[in-house]
Amino acid sequence: QVVSEGFSAWQPIPALHLNMAHLSRLRIVTGMSLAGLLLALAVWAPMRAFSTLVTPRPVSQRPGGRQFSPRMTKSIMAKPVVTTVQGALFRKELDIPGGERYSSQDWLPNLLSLMSSLIFRRIFGHWFSTVSFAALVVYLRKEEMVASIPMLFPTLLGGFLSLLLAYRTNSAYDRFWEARILWGAVMNTSRKFSTAVCAWVVPTHPEEGRKLLKLATLFPPALAHRNNGQPLKEISQEILDNLPEFRVANPPVGVCKEMEKIILSIGGGSNSWEKSTRLNLLLRNVNELLDATGALDRIIVTPIPLSYSRHTSRALSMWCCILPFALADSLGWVTVPVIAVIAWTLFGTEEMGHLIEQPFPRRRDIRGRIQPPPPPFDVGLSADGMAATIRAEVETVAGEAVYPDAKK
């Protein structure tokens, strides 16, 4: 009895006191909640259909093959981004694919397309549960069935939570940006390598030079295949045909191995200092490609620690569930839309970090089904798009050395 009296006197958390009248009210609330859910679905369906008509997603296609939105920024994306590359043997224009740019003129379509947002669809279950719990807390508070808490507690906790969420999102973006820098290094190295081969190797060893340039065009798609997590059986037959001794495990490493073999065969028995220096520069370029491959593998196979992500998710959920106890007395039923906006903002920010944590979207889901590639730079990096750009540029530099039928 002493223990029970002491426990009833000390109640640091909201206490729930039930009687028969309260149970009958809870039944009414449950029925009203179900009716509200059906009403929400009835409102959500037409809004979702309408949002597909106004969403600023890519809806038309240009000759280059990638899609773009008709509402893109006029000064940047109204026409294809074209650059002219002066190759060693012929001149060619390349369409460099870029990501869709946000325009401030799209604010209304972006607002109306909320229901079709990828972020909102992914957080909908978490968000709806939090808003429903907030509505329940407001009702119980109005019936004086639970106690309130001072606003100081969620305020103090919110400061620490903002730092935790910001660090989690910044860590994910750092991985995304590092992967983009590495692919930029692959492009620069491919340019240097193909230009050097055309200048140094093709004039004196045309057959070996053509093989090196052919392998240089195959390295970007082989690297993209590995970054996308595709199985070896889906790799291009063109790549396998040029790797007679290395058909397993790591295609980009196999391409680099064939390059080194050819370079070493060219320099075998040579005592010329100039020739040895040039071949060493070619070998250094191949090593740079290998370094980029290893760094990209490190990003892919080493995610942000799961315990860190779980702790962030739990902290967000607990804070959003505690907040209604502090707002119910002052805001009343307005607490529900306030919590809805706060939860959407926080959960959406957390989910953005989850999406870009893996820079290269997986081509297959957990059931092994092939997924269509997302728009470039939307939720990740388009490895296939960047590989196609690098390959086209190497082919431009190689010109007739690899493609005898190419016309100027």
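The values are calculated or read from the model by the stated rules, or taken from the named source; none is laboratory data. None of the values given here were measured: they were computed from a predicted structure. So basically every Cβ, Gly included, is an ideal-geometry build from the backbone, and we count neighbours across all protein chains shown. In case anyone asks, the SASA skips ligands and DNA or RNA and just uses the protein heavy atoms, side chains included. Shrake-Rupley method; radii C 1.70, N 1.55, O 1.52, S 1.80 Å.
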Do we find that Asp378 is open to solvent by 50 Å² or more (accessible area, probe 1.4 Å), within 25 Å of the chain's Cα centre (by Cα) and at pLDDT below 90 in this structure? yes
Met151, sole failed condition from (1) open to solvent by 30 Å² or more (accessible area, probe 1.4 Å); (2) under 27 Å from the mean Cα position of the chain (by Cα); (3) not aromatic (Phe, Trp, Tyr): (2)
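Could you tell me whether the range 99-122 includes any residue that is in contact with a strand residue (DSSP E or B) (Cβ under 9 Å, 6 or more places away or on another chain), open to solvent by 60 Å² or more (accessible area, probe 1.4 Å) and closer than 21 Å to Ile356 by Cα? Break it down stepwise before answering.
As a first pass, look at the range 99-122 and keep what is in contact with a strand residue (DSSP E or B) (Cβ under 9 Å, 6 or more places away or on another chain): 100.
In the following step, the residues that additionally are open to solvent by 60 Å² or more (accessible area, probe 1.4 Å) were identified as 100.
From what is left, the residues that are closer than 21 Å to Ile356 by Cα are 100.
Yes.
Against the definition (open to solvent by 30 Å² or more (accessible area, probe 1.4 Å) and either part of a helix (DSSP H, G or I) or closer than 20 Å to Met352 by Cα (or both)), how does Leu136 come out, yes or no? Quick ask: steps written out before the conclusion?
On the way: open to solvent by 30 Å² or more (accessible area, probe 1.4 Å): yes; either part of a helix (DSSP H, G or I) or closer than 20 Å to Met352 by Cα (or both): yes.
Against the criterion (open to solvent by 30 Å² or more (accessible area, probe 1.4 Å) and either part of a helix (DSSP H, G or I) or closer than 20 Å to Met352 by Cα (or both)), Leu136 qualifies.
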Quick test for you: out of Ala166, Ala172, Ala196, Ala179, pick the one residue that is open to solvent by less than 50 Å² (accessible area, probe 1.4 Å) and either farther than 30 Å from Ala388 by Cα or in contact with a strand residue (DSSP E or B) (Cβ under 8 Å, 6 or more places away or on another chain) (or both). Ala166
What residue, among those in the range 199-227 that are closer than 13 Å to Val397 by Cα and open to solvent by less than 20 Å² (accessible area, probe 1.4 Å), is farthest from the chain's Cα centre (by Cα)? Gly209
Mind listing just one residue for me: the one in the range 242-299 that is part of a helix (DSSP H, G or I), at pLDDT below 90 and of a type in the set (Ser, Thr, Tyr) and, of those, farthest from Trp200 (Cα to Cα)? Ser265
Residue set Ile181, Ile149; condition β-branched (Val, Ile, Thr) and in a helix (DSSP H, G or I); output residue Ile181
Members of the range 300-323 found to be of a type outside the set (Ser, Thr, Tyr), free of Cβ contacts under 8 Å to residues at least 60 places away in the same chain and in a helix (DSSP H, G or I), listed by number: Val301, Leu306, Arg310, Arg314, Met318
